[in-house]
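> Could you have a look at this structure, given as structure tokens, before my questions?
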Amino acid sequence: MGAIILLLAVYVFFVNAMYLAGKADAKGTGAANILVGIIMGIVALYFGFTNTDLVSLTICSLSLSFTLFYLLLGWGLVRNHDLKEVGYYSLYAGGWCLLCSGYFFASIDWRFGGLAALWGVLFLSVYGLLVVGKLWARFVSWLLVGESLVMLAVVFLMVTGAW
């Protein structure tokens, strides 16, 4: 289940990177975010309701943080809204990811801790992009590409059983 959620994120990370690089339009990018947000939310809620241990619930909460982000961003892009509020959401989502990262590093697995830390940096970078200034666009675009490659490798390792 986790590999499916990560794979969805990989796809939309790359689409969002292409949007920031000027290679994709707002409405198409918004539609992709909404579709991935809906599917990811359904999968995350199913995962959370069928696995009630603390690790699964933490993973579910991280997935739902991305779900809400994708839905907010998608709606804003499709409707041509100011995205500053999405930036403020990203500030708190980034903090949540960093807290979860600390939990994973301390008790579960350093690999999950590393992924959650990368997501925290990504969310905080989106905050910088949408609230602080557009100068962050190139940085966030490359960060999205880099994180999508790392997550794609993680998904491959999970699917092949090497994780």
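Values quoted throughout were computed directly from the atomic coordinates according to the rules given, and no laboratory measurement underlies them. Nothing here was measured: the structure is a model prediction, and the numbers come from that model. Cβ atoms come from the backbone with ideal geometry, glycine included; neighbour counts cover every protein chain shown.
> Percent of alpha carbon pairs in the chain separated by more than 21 Å?
42 percent
> While we're on this one: What ranking of I5, I42 emerges when the number of other C-beta atoms within 10 Å of each C-beta is taken as an exposure proxy, fewest first?
So the residues, fewest neighbours to most, are I42, I5.
> Also, I was wondering about something else. Checking the a/c ratio against 1.5 first, then a/b against b/c, what shape does the Cα gyration tensor give for segment 1-81? Could the numbers behind the result be given before it?
Details: a/c = 3.02, a/b = 2.19, b/c = 1.38.
Since a/c reaches 1.5 and a/b is larger than b/c, the shape of segment 1-81 is classed as prolate.
> Could you work out how far helix 2-20 tilts from the main Cα principal axis of the chain, as a 0 to 90 degree angle to the nearest 10?
Result, in degrees: 20.
> Nearest 20 debye, what's the magnitude of the dipole of the chain about its Cα centre given +1 on Lys and Arg Cβ and -1 on Asp and Glu Cβ?
Its charge dipole is roughly 380 debye.
> Right, next: By how many degrees, between 0 and 90 and to the nearest 10, does the Cα long axis of helix 26-50 differ from the longest principal axis of the chain?
20 degrees
> If you take the square roots of the eigenvalues of the alpha-carbon gyration tensor of segment 119-160 and sort them as a ≥ b ≥ c, do you get rounded (a/c under 1.5), prolate (a/b over b/c) or oblate?
Working: a/c = 5.83, a/b = 2.74, b/c = 2.13.
Prolate shape, in that a/c is at least 1.5 and a/b is the bigger ratio.
> Rounded, prolate or oblate: which one fits segment 40-119, using the alpha carbon gyration tensor with axes a ≥ b ≥ c (rounded when a/c is under 1.5, else prolate when a/b beats b/c, else oblate)?
oblate
> Just to confirm the number: angle between the C-alpha axis of helix 137-160 and the first principal axis of the chain, 0 to 90 degrees, nearest 10?
30 degrees
> At what distance in angstrom do the alpha carbon centres of segment 88-163 and segment 12-69 lie from each other?
13 Å
> Neighbour counts of other C-beta atoms within 10 Å: give me L144, L157 arranged from fewest to most.
Lowest count first: L157, L144.
> On to the next question. Provide Rg over Rh for segment 82-163; use the alpha carbon set for both Rg and the Kirkwood Rh (inverse mean inverse pair distance).
Rg/Rh: 1.05.
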